[in-house]
Amino acid sequence: MCIDLHTHSIYSDGSCTPAELVALAVDHGLRGLALTDHDTVEGVEETCRLGTEAGLTVISGVEISTSLHQHTIHILGYGFDPTNPELHNWLIPLQEGRERRNAAILQKLRNLGIDITAEEVETVSCCGQTGRPHIARLLVAKGVVDSFNAAFRYYLGRNRPAWQGRFSYSAVETIAMIHRVGGLAVLAHPGQIDPEMSAQPALVRELADSGLDGLELHYPTHTHSMKKHLKALAIELELLVTGGSDFHGTTRPVHRLAGKTMGFCPPCEILSQLTARLAGRHHQPFSVSSHHAHHSHC
């Protein structure tokens with residue numbers, strides 16, 4: 001049986017609603033699920049409720065883009081209280097930073113003779129957090145580029161003509177906040193930091209010194225060699241290992257939701273180890289029970 005602890009919905013840059021995500025998870029035979037939208041927890045409670053009703057073990061999640069030295073580091077938070085007002089307030093500067101960046105990107109595109117309005121972007125986004133993936137979809141729809149990846153390669157990626165940075169917290173600040181609201185902090189897709197795996201040992205050790213709880217070991221683009229190196233680091237530093245597909249739906253079709261028939265299947269024991277670590281951290285962990293006797297750290 002499989003789990004998927006890295007997914008996105010319409011509340012950030014995915015194409016599925018929480019209901020559609022849960023239905024797909026059930027269809028794929030998943031036992032566990034986490035919604036990890038970028039810089040928002042807007043869809044988490046709905047996903048927890050619907051997933052629990054469907055008999056899934058659902059854990060709260062979020063993905064935060066952070067910085068460490070010259071690297072962009074993505075930190076996944078798990079098992080926190082998604083209603084915590086301190087967390088919501090902490091996320092506001094990230095969300096406002098996205099809005100300012102979007103406006104700057106649209107202006108840069110206009111300077112290049114490419115007219116995309118804020119209203120068009122909002123229509124594509126529909127709800128939640130709006131970002132570069134929504135602008136990329138419009139660049140494809142308008143025939144400026146022929147693919148989503150090309151939009152980033154030619155316009156929206158770092159050092160491209162319409163690139164624009166935005167506010168981010170440091171990785172250390174992000175780990176500290178996730179801990180303050182009762183969660184666990186996991187390094188997302190560590191293989192993407194450096195395909196040669198030469199930067200990861202020092203970075204992971206530094207993050208572990210700052211309280212990092214785990215590494216996302218199971219990830220679609222991680223090679224056997226990457227996983228071997230990451231597993232050794234996790235053992236050395238006593239870190240949890242997690243796994244997820246980084247599912248976005250139709251916006252990134254190459255990242256399909258996990259499942260036995262999908263060729264990507266993070267094992268169920270990951271979730272039990274994660275929930276055990278959470279239970280040890282909370283005196284009375286917040287949880288929701290379904291009639292199937294599954295539990296959600298939500």
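The values are calculated or read from the model by the stated rules, or taken from the named source; none is laboratory data. Computed from a prediction, not measured in an experiment: that's the story for all the values here. Heads up, the Cβs are rebuilt from the backbone with ideal geometry, glycines too, and the neighbour counts pull from every protein chain shown. Accessible surface areas use protein heavy atoms only, side chains included; no ligands, DNA or RNA. Shrake-Rupley method; radii C 1.70, N 1.55, O 1.52, S 1.80 Å.
Those residues that are free of Cβ contacts under 8 Å to residues at least 60 places away in the same chain and of a type in the set (A, V, I, L, M), I need them from the range 234-285; list them, please.
Once the filter is applied, which keeps residues that are free of Cβ contacts under 8 Å to residues at least 60 places away in the same chain and of a type in the set (A, V, I, L, M), the range 234-285 yields ALA234, ILE235, LEU237, LEU239, LEU240, VAL241, VAL254, ALA276, ALA279.
With the condition kept exactly as written, say whether any residue in the range 214-226 is surrounded by fewer than 22 Cβ atoms within 10 Å (Cβ to Cβ), in contact (Cβ under 8 Å) with a residue 60 or more places away in the chain and hydrophobic (A, V, I, L, M, F, W, C).
no
So how many residues does the range 92-117 have that are free of Cβ contacts under 8 Å to residues at least 60 places away in the same chain and more than 20 Å from PHE152 (Cβ to Cβ)?
Final tally of qualifying residues: 3.
Could you please let me know if ALA136 is touching a residue at least 40 places away in the same chain (Cβ under 8 Å) and either crowded, with 18+ Cβ neighbours inside 10 Å or of a type outside the set (Ser, Thr, Tyr) (or both)?
no
Hey, among the residues in the range 154-173 that are touching a residue at least 60 places away in the same chain (Cβ under 8 Å) and within 20 Å of ARG110 (Cβ to Cβ), which one's surrounded by the most Cβ atoms within 10 Å (Cβ to Cβ)?
Checking each candidate, the answer is ARG166.
Could you say which residue among ILE92, ILE105 is open to solvent by less than 10 Å² (accessible area, probe 1.4 Å), over 15 Å from the mean Cα position of the chain (by Cα) and modelled with pLDDT of 95 or more?
Exactly one residue qualifies, and that residue is ILE105.
Can you tell me which residue within the range 14-48, out of those that are within 15 Å of THR251 (Cβ to Cβ) and open to solvent by 10 Å² or more (accessible area, probe 1.4 Å), is modelled with the lowest pLDDT?
Filtering first and then ranking leaves SER15.
In the range 37-64, what residues are assigned to a loop (DSSP other than H, G, I, E, B) and in contact with a helix residue (DSSP H, G or I) (Cβ under 9 Å, 6 or more places away or on another chain)?
ASP37, ASP39, THR40, VAL41, GLY43, ALA54, GLY55, LEU56, SER60, listed by residue number.
On the given criteria, is GLU206 in a helix (DSSP H, G or I), at pLDDT 95 or above, within 24 Å of PHE80 (Cβ to Cβ) and open to solvent by 20 Å² or more (accessible area, probe 1.4 Å)?
When the stated conditions are applied, GLU206 passes them.
Scanning the range 108-128 for residues that are among the acidic types (Asp, Glu) and more than 17 Å from HIS38 (Cα to Cα), which turns out most open to solvent (accessible area, probe 1.4 Å)?
Filtering first and then ranking leaves GLU119.
Please determine, by comparing only the residues of the range 115-136 that are more than 19 Å from the chain's Cα centre (by Cα) and of a type in the set (D, E, K, R), which one is nearest to ILE105 (Cα to Cα).
Restricting to residues being more than 19 Å from the chain's Cα centre (by Cα) and of a type in the set (D, E, K, R), the top hit is ASP115.
Could you tell me whether any residue of the range 183-195 is touching a residue at least 24 places away in the same chain (Cβ under 8 Å), farther than 20 Å from THR242 by Cα and open to solvent by less than 10 Å² (accessible area, probe 1.4 Å)?
Scanning the range 183-195, I find no residue that is touching a residue at least 24 places away in the same chain (Cβ under 8 Å), farther than 20 Å from THR242 by Cα and open to solvent by less than 10 Å² (accessible area, probe 1.4 Å), so the answer is no.
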